[in-house]
Amino acid sequence: MKNIIAFFLCFFTVSTTFAQKDPKALEVLDAMSNKYQKMDAFRAEFTQKLINKMENIEESFNGKILVQGDKFQLEASGQVIYNNGTTVWTWLIEDEEVNVSHNDPEEGGFELSTIYNMYKEGYKYLYLEQVSEGGQAVDVVDLVPEDHSQSIFKIRMKIAQKNHELVAWEIFDRSGINYEYIIDKFESNPTVAAGSFEFNTSAHPDVEVVDLR
């Protein structure tokens with residue numbers, strides 16, 4: 001879930017387009033970021049699609065995430081990840097094992113816990129167009145890493161005009177795999193139970209704890 005990637009031709013074909021940061025794109029991104037930062041917490045259900053166009057493969061699965069500040073709980077692909085900002089617990093449900101590690105913000109990937117802020121450093125951006133999806137007007141913005149050595153070279157974000165919520169995003173990579181996230185359900189400022197961002201070992205006595213710190 002940390003390496004969310006996708007396919008495109010090559011970075012050079014779009015690099016000249018992103019010579020500067022687009023003011024209209026920045027306005028859209030700032031409105032989105034401000035909305036999420038004003039929330040004490042949010043919860044979302046999403047669909048993740050994996051598409052390999054070169055091998056004609058498409059897979060999808062559903063997930064859930066709860067975010068509060070720099071803490072989150074992410075459930076997808078038979079795993080539940082708890083992150084309290086300092087420690088990360090990765091619970092492999094079928095294996096009855098939980099791996100414990102230090103939180104490394106640099107390895108946070110492009111999950112919903114970080115996606116709304118990532119444009120602020122290391123990216124150029126361009127406003128593409130307005131489209132209609134699900135009966136609502138949506139702004140489409142592309143981000144491109146300033147570091148051209150990255151395998152990921154484009155992130156396409158779709159943001160609702162009416163409420164500035166992130167509707168979907170797609171990650172492009174030279175590897176030939178595409179990951180797309182679609183937000184199916186969103187709840188702002190939900191009630192967050194104590195201990196939501198830490199794995200409860202006493203509640204799961206049969207789960208083996210593997211401390212990797």
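Which residue out of L92, L126 is touching a residue at least 40 places away in the same chain (Cβ under 8 Å) and aliphatic (A, V, I, L, M)?
Checking each option against the conditions leaves just L126.
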| said: Scan segment 104-123 and tell me whether some residue there is in contact with a strand residue (DSSP E or B) (Cβ under 9 Å, 6 or more places away or on another chain) and assigned to a strand (DSSP E or B). | reply: yes
| Within the set of pairs 6+ apart or on separate chains, which have a first residue in segment 43-72 that is at positive phi, a second that is open to solvent by less than 70 Å² (accessible area, probe 1.4 Å), and C-beta atoms under 9 Å apart? | G69/A41; G69/G85
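What residue, among those in segment 74-103 that are assigned to a strand (DSSP E or B) and closer than 17 Å to V192 by Cα, is most open to solvent (accessible area, probe 1.4 Å)? Step through it out loud before you land on a result.
Within segment 74-103, the first condition is being assigned to a strand (DSSP E or B), and the residues that meet it are 74-76, 79-83, 87-92, 97-102.
Filter once more, so that each one left must be closer than 17 Å to V192 by Cα: 74-75, 80-83.
Working: L74: 5, E75: 81, V80: 7, I81: 16, Y82: 27, N83: 8 Å².
Per the stated criteria, the residue is E75.
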| Of all residues in segment 148-167, which are within 14 Å of Y119 (Cβ to Cβ) and assigned to a loop (DSSP other than H, G, I, E, B)? | H164
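One residue is enough: does segment 140-152 have a residue meeting the conditions in contact (Cβ under 8 Å) with a residue 40 or more places away in the chain and under 21 Å from F46 (Cα atoms)? Talk me through it step by step, then tell me what you get.
Step one: filter segment 140-152 for residues in contact (Cβ under 8 Å) with a residue 40 or more places away in the chain, giving 141-142, 144, 148, 151-152.
Subsequent filtering for residues that are under 21 Å from F46 (Cα atoms) retains 141-142.
The answer is yes; a qualifying residue exists.
The values are calculated or read from the model by the stated rules, or taken from the named source; none is laboratory data. Keep in mind it's a predicted model, so treat the numbers as computed, not measured. We place every Cβ from the backbone using ideal geometry, glycine too, and count neighbours over all the protein chains shown. Note: areas computed on protein heavy atoms with side chains; ligands, DNA, RNA excluded. Shrake-Rupley method; radii C 1.70, N 1.55, O 1.52, S 1.80 Å.
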